[in-house]
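Comments concern the structure below.
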Amino acid sequence: MKAKRGERPDCFSSTVQEVLFVLTVTMAVGMSSFTIGSVTVITSFVGKDLNMTNAEITWISAAASLSSGSLLLFFGSVADLFGRKALFISSMGLFAVFSLAAGFSKTGLTLDILSGVMGIMSASAVPPAQGILGVIYEKPSKRKNRVFACFSAGNPLGFVFGSIFSGVATQLFSWRASFWLLAIIYLLSTIVALFTVPNDTSVKQPFTWETLKKFDIVGTVLTIAGIGMFSASLSLGGDAPDGWKTPYVLVLLILGILAIVAFIIWENKFQYAMIPMNIWRDRDFTLLLSIMLLGFLAFPILAFWISLYMQRILHFSALETAVHLLPMAIMGIVVNIIAAMVLHKVSNKLLMGIGACAYVVSFLLAAVQRHGDSYWAFTFPALCLCVLGADFEFNVANMYVLSALPPTRQSIAGSLFQTVTKLCVAVGYGIATAIFNGVAKNPAKSGYYNGDPFEPYAATFWFSTAVASVGVLLVPWLRIGTQGHETRGGDRNEEEGDERANIGAEVDEKGVGRVAGVEVGDGNDHADVEKGMHSAGDADEKHGDAGGRLEKEKEEFDVL
């Protein structure tokens, strides 16, 4: 199933099959985003029809992100141990079934629960999808860059196209039709997957007690309990009878924090930990994930609350709301095309910097506007820049994460990456809801937002601005150059695969070593590059030609 460098993988009989396969796995990664996008443009209509509070409305989206993020690593282990293809296709089909059921919800609680179940189906589809991609496109190449740029587009584009399709369906029928349309889309995707996903040739483990012990059940439970209770306390605090002093809010908050702390301790002690903790020794890995999750903590806040403002204050229909969010879709397509073309040519540190700064400017533009201000002067550029930040950071971090783990652990690599994004989305919704409710109950009596109905919405965007600004401050500490360039020196990577089986094999004592196909550097000190080249050249020395090849690589590599 391995791809020849830069050529169509042998597992595909035609380019058409390859293209349809890539589109199918892209639909998989966009599952939860598609759900959130569909819900975003119908929030006020659903809330009015089912008599829902702000907290219950936000939990339609937050439940999907929470359940997905909590179980991604668990299903990553399932995929790596027992096979990917069957899990992938069955998850797509079940997602369609529960989407259909969500359209028949009679209460807000039912819709929240079904949204959470849809999140579980998303969690079971993404790891095998990303694992299959990682194995097929193992070697760095321009083709791999293009494929993963398309795959990375699933999250932002899933949100936007979900909102557009939902808006059209709601305009023509009702908000329930948006879930039924979602079911039809993923039923068709499942059928396409049956004919396009290559046979799974990965080594599968027998279903025994020893194998079951490798599942981190305790870690999974602590994740769901910790993030769930913490997020619930934040979102429920504003609507509770006594606010933050309400006993059940305080209990949820304290227990949530304790469960998160217990999870971290457990993961450091358990032999088969859900998260390979030693991977965090790689400095760039930790920084990339931190920068990206700070952005994703704020990204859904902008889209959710700006669309709610359009529906509640500007009285836009679902279709009008979707049309006003359309720039995100167009920008998402453009940015991912650019990312596919430049990942191997332009310093990825620069791309991360551009993405982080785009986030800050985006949230700032959204925050400083007031009711009645021009859409084209504030909201339009904010939506475009927000997608620019999300897609640049997602592409860079996604490529790095998949390069950090060997082929046998690609599903875990993908689920680890998706987990941090989904969980921070759930936490972001909780914090934003608390801020919104707090400001709405105590509006300003003077100053910039005096008497402005946009004030509570602006408060959530100021929070987003502050969070994204921290990400900008972390960028200068990155030591990452280009990624995804085709490696020189024959099939050196295949021989180094076994050496990368242990997570820390490519990480030096300072945590700055990298796997083949990724350059390192700090912009000033070429000594780090020398160290990276020497580690990459160890395999060549076994063949007696390290000297000439290493010199050639050092001349050709672009160092940040």
In the range 100-129, what residues are closer than 22 Å to Gly228 by Cβ, surrounded by 23 or more Cβ atoms within 10 Å (Cβ to Cβ) and among the small types (Gly, Ala, Ser)?
Ala102, Ser115, Gly119, Ser122, Ala123, Ser124, Ala125
Exactly one of Leu293, Leu288, Leu255 is part of a helix (DSSP H, G or I), over 30 Å from Arg479 (Cβ atoms) and at pLDDT 80 or above, and that residue is Leu255
Pull up the range 419-477, narrow it to residues that are over 27 Å from Arg283 (Cα atoms) and of a type in the set (S, T, N, Q), then point me to the one that is most open to solvent (accessible area, probe 1.4 Å).
Asn442
Can you spot a residue in the range 28-38 that is open to solvent by less than 10 Å² (accessible area, probe 1.4 Å), β-branched (Val, Ile, Thr) and under 25 Å from the mean Cα position of the chain (by Cα)?
yes
Can you go through Leu194, Leu187, Leu182 and tell me which one is buried (at least 21 other Cβ atoms within 10 Å of the Cβ) and either at negative phi or not in a helix (DSSP H, G or I) (or both)?
Leu182
Considering only the range 452-468, state which residues are farther than 18 Å from Tyr359 by Cβ and aromatic (Phe, Trp, Tyr).
Phe454
Pull up the range 374-392, narrow it to residues that are free of Cβ contacts under 8 Å to residues at least 40 places away in the same chain and surrounded by 14 or more Cβ atoms within 10 Å (Cβ to Cβ), then point me to the one that is farthest from Met310 (Cα to Cα).
Leu385
First in the range 57-82 and touching a residue at least 12 places away in the same chain (Cβ under 8 Å) and of a type outside the set (Lys, Arg), second anywhere and surrounded by 24 or more Cβ atoms within 10 Å (Cβ to Cβ) and not in a helix (DSSP H, G or I), Cβ under 8 Å, 6 or more apart
Leu73/Met274; Phe74/Met274; Ser77/Met274
What number of residues within the range 197-213 satisfy the criterion of being surrounded by fewer than 18 Cβ atoms within 10 Å (Cβ to Cβ) and either at pLDDT 90 or above or of a type in the set (S, T, N, Q) (or both)?
5
Please enumerate the residues belonging to the range 144-179 that are open to solvent by less than 30 Å² (accessible area, probe 1.4 Å), part of a helix (DSSP H, G or I) and within 13 Å of Asn398 (Cβ to Cβ).
Lys144, Asn145, Val147, Phe148, Ala149, Phe151, Ser152, Gly154, Asn155, Pro156
Return the total of residues in the range 68-98 being under 23 Å from Leu109 (Cα atoms), within 20 Å of the chain's Cα centre (by Cα) and open to solvent by 20 Å² or more (accessible area, probe 1.4 Å).
1
Picked from the range 112-153 (must be under 14 Å from Val78 (Cα atoms) and among the aliphatic types (A, V, I, L, M)), the residue farthest from the chain's Cα centre (by Cα) is Ile132
Identify the single condition in (1) in contact with a helix residue (DSSP H, G or I) (Cβ under 9 Å, 6 or more places away or on another chain); (2) over 23 Å from Ala169 (Cα atoms) that Glu56 does not satisfy, given that it satisfies every other one.
(2)
Could you grab me the full set of residues in the range 22-74 that are β-branched (Val, Ile, Thr) and not in a helix (DSSP H, G or I)?
Val41, Ile42, Thr53
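The values are calculated or read from the model by the stated rules, or taken from the named source; none is laboratory data. Since we're looking at a predicted model, the values are computed, not measured. As a convention, Cβ positions derive from the backbone with ideal geometry for all residues, glycine included, and neighbour counts pool all protein chains shown. Each accessible area value is taken on the protein alone, full model and side chains, heavy atoms only, with ligands, DNA and RNA left out. Shrake-Rupley method; radii C 1.70, N 1.55, O 1.52, S 1.80 Å.
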